[in-house]
Amino acid sequence: MKRRGFLKLGIVGGALLAVAGTTLAVLPGDRSVRPRVPLASLSEAQFAVLVALAARVVARTTADPLSVAHAVDTALRFAPPEVQKDLGLALGLLDNALVSLLTGGRPTPFTMLKEQQQDEALRRWGDSRLALLRSAYQGLRKLCLAAHYATPPAAAALGYTPSIAKPEPPAITARGPLVVDLAALRARDAVEMPPGSPAPVDGGTP
Amino acid sequence: MKTLPAGITEGQTLEGDLEVGCDLAVIGSGAGGAVTAATAAQAGLSVVLLEEGGAFGTERFRQREDEAYPFLYQDGGQRATKDGAIAILQGRALGGGTTVNWTTCFRTPDYIVEHWRKKHAVGGVSVAELAPHWQWAEERLAIAEVPLPLVNANNQKLLDGAKKLGFETALLRRNVIGCAGTGNCGHGCPIGAKQGMLNTLIPDAIKAGAAVLTRARADRVLFESARAVAVECTLLDAWGVGPTGLRATIKPKAVVVSGGAINSPALLLRSNAPDASGRLGRRTFLHPVVAIGGFFDDEVAGWRGPPQSVASHAPVHRGEEMGYFLETAPVHPMLAATSFTGFGGAHAELFVNVKQAAALIALQVDGLHDDVVGGTVSVLSSGRAALDYPIVARQWRGFIEAQKTLIRVALAAGARTVATLHEGPNRFSSEADLPRVDALPWRTGSVVLFSAHQMGGCMMSDDPKQGVVRSSDLRHHQIDNLFVVDGSVFPTATGVNPQLSIYGLAHLAATRIVDGLSKG
Ligand SMILES: Cc1cc2nc3c(=O)[nH]c(=O)nc-3n(C[C@H](O)[C@H](O)[C@H](O)COP(=O)(O)OP(=O)(O)OC[C@H]3O[C@@H](n4cnc5c(N)ncnc54)[C@H](O)[C@@H]3O)c2cc1C
């Protein structure tokens, strides 16, 4: 199988992907979770697996797995298409019963496992002899954690709040100027300095 | 042919294709590009400065990680080595990495410049020649030692621990004016105190007449009979993700590539630039980082205050073994959450106490040993850059050693528990536990590693068989009117945080480039 993907595949990794490609349809996992809004990067099937995975990664936080999964899908827009594709494939692998069996787990798709079994499956990937699976585990784990802890309420719950009040910036739209000129921008900058701090000096704006 | 007006034109707002001429096209607005653009514009050249990132100003910097990483970092903050082993933090915005960096400033150490001269035939730049240019940067960017009251609890832990172990430590110099210690250097300075390119050399360049075009990604440089004749750009939407469908073509007399490590070699590879050395994209170095979270009884709040104000270079000279130096990292919720390992309950149980955590880091100096050849850049089928960076045995040994030192420093500073960034059992609470460090899973994907310093890939050398550009003015060995001016020209890691090394070298090279171009 010839594949010019992103993750470095060993021979076994390549075989796993071949398996994933041919058996996904045979043992379908739970696809009942639907996205709330159209997806930016993942397929609906991949998204359903991601929601199940997110539920385990951010378990014991206030996070809503569906929101986390949407945030991950949005974040993936910024990654190279090759990375998006590989993470999507990894989600397919995770929900593949045969792959699960071949890597020492039960012959059941991830989305159909009980929570404790899902945790075991994730730990198996994290501890796998295959660098490919460890790498996929890290990638997906980090994306879910980032999606949750980057939100202001989650950050605030840990004690982090911005130290300076700032007004809402203009919305980022597909077109239209974000910043017209730095001088005007700096003049408009309504920043509340903490008491006692020296005034910022102009660094030579035109 | 048209010209662009002085000032910032945002690529996403253009209504049609653009074709402009100029003396000098500079690709990338970071440390190397901004210095070059300002120097050239001030010498009277017409300059177009191209940047694929967005023109975000102080107003937009709201101390939020969910806004900063997608818009100010390469790949929305998700860049990593090809095997995912090393997370790569690298800027992508007007001002490049200097818009999000942590403001630590060091001149290039003598032993590094000397190593380049001896080992890599770098004869055109010496410490004596660089010194006035470092000094220029120090003055222009207000680089000065951090005042003691601004040293935050996180850095105080490093200072205390390192001192107790008898390590030499130093307060850092930073490029700020009126820093209020918001702690948000990595998210774009919310009060404009940081003297990055956005607030200094880019305005200087504009004042001298330079045109800046943002959301313009240079896809390739076109060559005709061994000369660079055009730069072809895709204009990107306001998100910086998709193309608007419009293109910009710049037809300059000379081209300066300043996209930074990884990106500059990727651009030249996409352009099929000649490469007699075979080194294009090779020898890419990362200062790979191992880290720990030290948990203290008192509050650290590692997100407040300047992220870095203390360093120790005590372990930098280790002969045959890998040298490294000690600094800190800011402990913001998202950055820290993705650093600590595990998931679910195991992650949350540790992370809920993150306010008590200090983050200490060890940066490994890669590229000084013969078998540590760094990474290789390639271009994916989508045109995006990828970096293959195999970690060799000597480096793993170095990580283990550095990890032990970090744990010792944290314990000496009074940490109750220290967590390494490995999957599985990774807690240490006394020196007696240190031998267990050897048994941690030291393999890719089982330990979280980072890089915030990318260097090399278009290395300088006066020998065309060894380097992509010559050292005296960073001119490409095969193309007379093509220059590379950024961190990608370093033949090895710099052994210190690289920005001041880049400012100084860029200013020296730009002065010589401008001289050469004015003489015709
Ligand atoms: C989080 C973080 C913290 C850091 N902290 C420090 C610190 O405290 N001290 C220190 O010395 N260094 C620090 N650094 C590193 C330092 O910022 C970089 O080494 C430095 O900015 C590199 O300069 P450069 O000119 O090589 O490239 P950059 O500053 O990265 O600039 C390159 C620019 O070119 C643009 N570009 C690339 N390719 C193209 C293309 N094809 N078309 C158009 N534009 C393109 C990029 O978007 C980018 O904006 C830090 C970096 C990061 C990310």
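For the pair region B:167-245 and region B:442-508, the centres of their Cα atoms are 18 angstrom apart. Averaging 1/r over each pair of different alpha-carbon atoms in region B:407-456 and inverting the result gives 12.3 Å, the Kirkwood hydrodynamic radius.
Compared with the direct C-alpha span, the chain from residue B:129 to residue B:15 gains 36.4 nm at full extension, assuming 0.36 nm per residue.
DSSP finds beta bridges in chain B, and of those with both partners inside it, around 65 percent are antiparallel. Here the Karplus relation 6.51 cos²θ - 1.76 cosθ + 1.60, evaluated at θ = phi - 60°, turns the backbone of region B:51-62 into coupling constants of 8, 7, x, x, 8, 9, x, 3, 4, 8, 8, 10 Hz, with x for every Gly and Pro.
Dipole magnitude for the protein assembly as shown: computed about the Cα centre from +1 point charges on Lys and Arg Cβ and -1 point charges on Asp and Glu Cβ, it is near 1020 debye. Each Lys or Arg adds one and each Asp or Glu subtracts one; over the other residues with Cβ under 10 Å from the Cβ of residue A:84, this totals -1.
If you count the DSSP beta bridges with both ends in the protein assembly as shown, what percent of them are antiparallel, to the nearest 5? Taking every DSSP beta bridge within the protein assembly as shown, about 65 percent pair in antiparallel fashion. Here region B:142-166 and region B:53-101 have alpha carbon centers that stand 26 Å from each other. The label-point distance for residue B:397 and residue A:101, in a model that sets each label 7 Å from Cα toward Cβ, rounds to 4.6 nm.
With all protein chains present, how much of the accessible area of region A:10-157 (probe radius 1.4 Å) comes from carbon and sulfur, to the nearest whole percent? Within region A:10-157, the accessible surface is 61 percent carbon and sulfur. Testing the spin-label approximation: label points 7 Å from Cα along Cα→Cβ at residue B:276 and residue A:114. State their distance in nm. In this crude spin-label approximation the distance works out to 7.1 nm.
Take the alpha carbon gyration tensor of the protein assembly as shown, find the square roots of its eigenvalues, order them as a ≥ b ≥ c, and report rounded if a/c is under 1.5; if not, report prolate when a/b exceeds b/c, else oblate. Because its axes are fairly even, with a/c under 1.5, the protein assembly as shown counts as rounded. Between the amide H of residue B:300 and those of B:356, B:357, distances stay under 5 Å, these residues lying 5 or more places away or on another chain, with hydrogens modeled in the peptide plane. Under Stokes-Einstein, with the Kirkwood radius over Cα pairs as Rh, the value for chain B at 4 °C and 1.567 mPa s is 57 µm²/s. Determine, at each q value in 0.12, 0.17 (inverse angstroms), the log₁₀ of I(q)/I(0) that the Debye formula gives when each Cα of region A:10-157 is one equal point scatterer. For region A:10-157 at q = 0.12, 0.17 Å⁻¹, log10 I(q)/I(0) is -0.45, -0.93. For the Cα trace of region B:42-87, dividing Rg by the Kirkwood Rh returns an Rg/Rh value of 1.16.
Modelled spin-label separation between residue B:241 and residue A:44, with each label point placed 7 Å from Cα along the Cα-to-Cβ direction: 2.0 nm.
Between the listed residues B:69, B:509, B:258, the Cα displaced farthest toward the positive end of the dipole of chain B, a dipole computed from Cβ unit charges relative to the Cα centre, is found at B:509. The listed residues B:518, A:67, B:501, once ranked by accessible area (1.4 Å probe) with the largest placed first, stand as B:518, A:67, B:501.
Cβ-Cβ distance of residue B:150 and residue B:118, R₀ of 25 Å, FRET efficiency by 1/(1 + (r/R0)^6): the value works out to about 0.05. Relative to one another, the C-alpha centroids of region A:107-171 and region B:270-338 are positioned 23 Å apart. Across region B:1-144, Cα-Cα pairs farther apart than 26 Å form 43% of the total. Classify region B:212-292: rounded, prolate or oblate, from the alpha-carbon gyration tensor (a ≥ b ≥ c, eigenvalue square roots; a/c under 1.5 rounded; otherwise prolate if a/b is larger than b/c)? Oblate, since a/c reaches 1.5 and b/c is not below a/b.
The stretch between residue B:519 and residue B:371 holds 49.0 nm of extra length on full extension. This uses 0.36 nm per residue minus the Cα-Cα distance. Principal semi-axes of the equivalent ellipsoid, √(5λ) from the alpha carbon gyration tensor of region B:293-410, are 29, 21, 14 Å from largest down.
Taking amide H as placed 1.01 Å from N in the peptide plane, the amide H of residue B:462 sits under 5 Å from that of B:122, B:123, B:471, each at least 5 places away or on another chain.
How big a patch of accessible area, both sides summed and in Å² to the nearest 100, lies buried between B and A at a 1.4 Å probe? That pair of chains buries around 6900 Å² in total.
Note on the protein assembly as shown: dipole from Cβ charges, positive end direction compared against B:398, B:498, A:47; the farthest Cα belongs to A:47. The residues of chain B have, on average, 30 Å² of accessible surface per residue, using a 1.4 Å probe with all protein chains present. Remark: region A:10-157 carries 43 Å² of accessible area per residue (probe radius 1.4 Å; ligands, DNA and RNA excluded). What the phi angles of region B:365-380 give under the Karplus curve with 6.51, -1.76 and 1.60, with θ = phi - 60°, is a coupling list of 8, 9, x, 8, 9, 4, 8, 9, 9, x, x, 10, 8, 9, 10, 6 Hz, glycine and proline written as x. Near the amide H of residue B:283, within less than 5 Å, lie the amide hydrogens of B:375, all on another chain or at least 5 residues away, with H placed in the peptide plane. Placing a label point 7 Å from the Cα of residue A:130 along the Cα-to-Cβ direction, the residues of region A:101-116 whose backbone N falls under 16 Å from that point are A:101-110. For residue B:382 and residue B:164, a Förster radius of 51 Å and the Cβ-Cβ distance give a FRET efficiency of 0.50, rounded to the nearest 0.05. Each Lys and Arg adds +1 at its Cβ and each Asp and Glu adds -1 at its Cβ; summed about the Cα centre, chain B shows a dipole of about 240 debye. Computed from Cα atoms alone, the Kirkwood hydrodynamic radius reported for region B:324-379 is 14.1 Å. From the Cα gyration tensor of region B:220-353, with a ≥ b ≥ c the square roots of its eigenvalues, which class applies: rounded if a/c is under 1.5, or else prolate if a/b is larger than b/c, or else oblate? Because a/c hits 1.5 or more and a/b exceeds b/c, region B:220-353 counts as prolate. With the charge dipole of the protein assembly as shown set up from +1 on Lys and Arg Cβ and -1 on Asp and Glu Cβ about the Cα centre, the Cα lying farthest toward the positive end among the listed residues B:351, B:35, B:205 is that of B:351.
What FRET efficiency would be calculated for the residue pair residue B:171, residue B:433, taking the C-beta separation as r and a Förster radius of 45 Å, to the nearest 0.05? For R0 = 45 Å, the calculated efficiency reads 0.90.
Surface composition of chain B: carbon and sulfur atoms hold 51% of the protein heavy-atom accessible area at a 1.4 Å probe. In order along region B:247-257, the phi-based Karplus estimate (6.51 cos²θ - 1.76 cosθ + 1.60, θ = phi - 60°) of 3J(HN,Hα) comes to 10, 10, 10, 10, 10, x, 7, 8, 10, 10, 8 Hz; Gly and Pro are listed as x.
Taking 0.36 nm per residue of separation and subtracting the Cα-Cα distance, full extension of the segment from residue B:111 to residue B:232 would add 39.6 nm. Relative to the Cα centre, the charge distribution of region A:10-157, modelled as +1 at Lys and Arg Cβ and -1 at Asp and Glu Cβ, gives a dipole magnitude of about 160 debye.
The values are calculated or read from the model by the stated rules, or taken from the named source; none is laboratory data. Values in this document were obtained by computation on a predicted structure and should not be read as measured data. All Cβ positions, glycine included, derive from the backbone under ideal geometry; neighbour counts span all protein chains shown. In case anyone asks, the SASA skips ligands and DNA or RNA and just uses the protein heavy atoms, side chains included. Shrake-Rupley method; radii C 1.70, N 1.55, O 1.52, S 1.80 Å.
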